[in-house]
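As structure tokens, the structure follows; a few thoughts come after it.
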Amino acid sequence: MYMDSEVLAELAAEACDDRKAKNIKLIKVDEVSTLTDWIIITEGLSDVQVKAIISSVENRLKSEANRLPLRKEGLNEAKWALLDYGELIVHVLQPQQREYYDLEAFWSHGICRKFSHSVT
């Protein structure tokens, strides 16, 4: 089943939100990078929350999009973990790492928007 990269990014952002991830940002970089189409940057306040957010994204994309990550990094330390799905890369950082590495500034030439869950 094919899923548009923007829909995939929204699904991943919802999965982050399900685990109370903070300050979820979606950055569209397909016009400024060949690395990926979308980058999600969010944060968890502890090792446990970072792992829970990553697990939520993996489970949601596997069940609803039949997708597995091509690569996973940082899960043991859970200070900065990432999932790489090719057209989508999800970064989950603890606040100190997020501030230090400032990925939003690095990707500032992309189109950035905050995730806002729909209220039904």
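The values are calculated or read from the model by the stated rules, or taken from the named source; none is laboratory data. Computed from a predicted model, the values in this text were never measured in an experiment. Here the Cβ is made from the backbone with ideal geometry for all residues, glycine too, and neighbour counts use every protein chain on show.
Quick check on my filter: what residues within the stretch 84-100 are free of Cβ contacts under 8 Å to residues at least 60 places away in the same chain and under 16 Å from LEU35 (Cβ atoms)?
Answer for the stretch 84-100, where residues must be free of Cβ contacts under 8 Å to residues at least 60 places away in the same chain and under 16 Å from LEU35 (Cβ atoms): ASP84, GLY86, ILE89, HIS91.
Mind counting the residues in the stretch 61-93 that are buried (at least 19 other Cβ atoms within 10 Å of the Cβ) and under 13 Å from the mean Cα position of the chain (by Cα)?
Looking only at the stretch 61-93, we keep the residues that are buried (at least 19 other Cβ atoms within 10 Å of the Cβ), and these are 61, 67, 69, 78, 80-83, 85, 88-93.
Among the residues that remain, those that are also under 13 Å from the mean Cα position of the chain (by Cα) are: 61, 69, 80-83, 85, 88-93.
Total satisfying the criteria: 13.
Could you tell me which numbered condition SER56 fails, if it satisfies all but one of (1) touching a strand residue (DSSP E or B) at 6+ places or on another chain (Cβ under 8 Å); (2) surrounded by 19 or more Cβ atoms within 10 Å (Cβ to Cβ); (3) closer than 18 Å to VAL7 by Cβ?
(1)
How do the strands (runs of 3 or more DSSP E) wholly within the stretch 78-120 filter down when requiring 2 or more residues that are of a type in the set (Lys, Arg): which remain?
Of the strands (runs of 3 or more DSSP E) lying wholly inside the stretch 78-120, those with at least 2 residues that are of a type in the set (Lys, Arg) span 111-114.
Check off (1) at negative phi; (2) free of Cβ contacts under 8 Å to residues at least 40 places away in the same chain for LYS114 and give me the number that stays unchecked.
(2)
Please work out which residue is farthest from ASP17 (Cα to Cα), limiting yourself to the stretch 67-76 and to residues that are out of contact with any helix residue (DSSP H, G or I) (no Cβ under 7 Å at 6 or more places or on another chain), modelled with pLDDT of 95 or more and part of a loop (DSSP other than H, G, I, E, B).
Of everything passing the filter in the stretch 67-76, LEU70 is farthest from ASP17 (Cα to Cα).
Would you check if ILE24 is of a type outside the set (D, E, K, R), touching a helix residue (DSSP H, G or I) at 6+ places or on another chain (Cβ under 7 Å) and either loosely packed, with under 15 Cβ neighbours inside 10 Å or under 23 Å from GLU99 (Cβ atoms) (or both)? Lay out the reasoning, then the answer.
On the way: of a type outside the set (D, E, K, R): yes; touching a helix residue (DSSP H, G or I) at 6+ places or on another chain (Cβ under 7 Å): yes; either loosely packed, with under 15 Cβ neighbours inside 10 Å or under 23 Å from GLU99 (Cβ atoms) (or both): yes.
Judged against the criteria, ILE24 is a match.
Could you say whether any residue in the stretch 38-57 is over 24 Å from GLN96 (Cβ atoms) and either of a type in the set (A, V, I, L, M) or over 10 Å from the mean Cα position of the chain (by Cα) (or both)?
Among the residues of the stretch 38-57, not one is over 24 Å from GLN96 (Cβ atoms) and either of a type in the set (A, V, I, L, M) or over 10 Å from the mean Cα position of the chain (by Cα) (or both), which makes the answer no.
In this structure, does LEU83 turn out to be at pLDDT below 95, touching a strand residue (DSSP E or B) at 6+ places or on another chain (Cβ under 8 Å) and aliphatic (A, V, I, L, M)?
no
Could you list, in sequence order, the residues of the stretch 20-51 that are in contact with a strand residue (DSSP E or B) (Cβ under 9 Å, 6 or more places away or on another chain), charged (D, E, K, R) and within 20 Å of TRP80 (Cα to Cα)?
LYS22, LYS25, GLU43, LYS51
Out of the residues in the stretch 36-56 that are touching a Phe, Trp or Tyr at 6+ places or on another chain (Cβ under 9 Å) and not in a strand (DSSP E or B), which is modelled with the lowest pLDDT?
Top of the filtered list is THR36.
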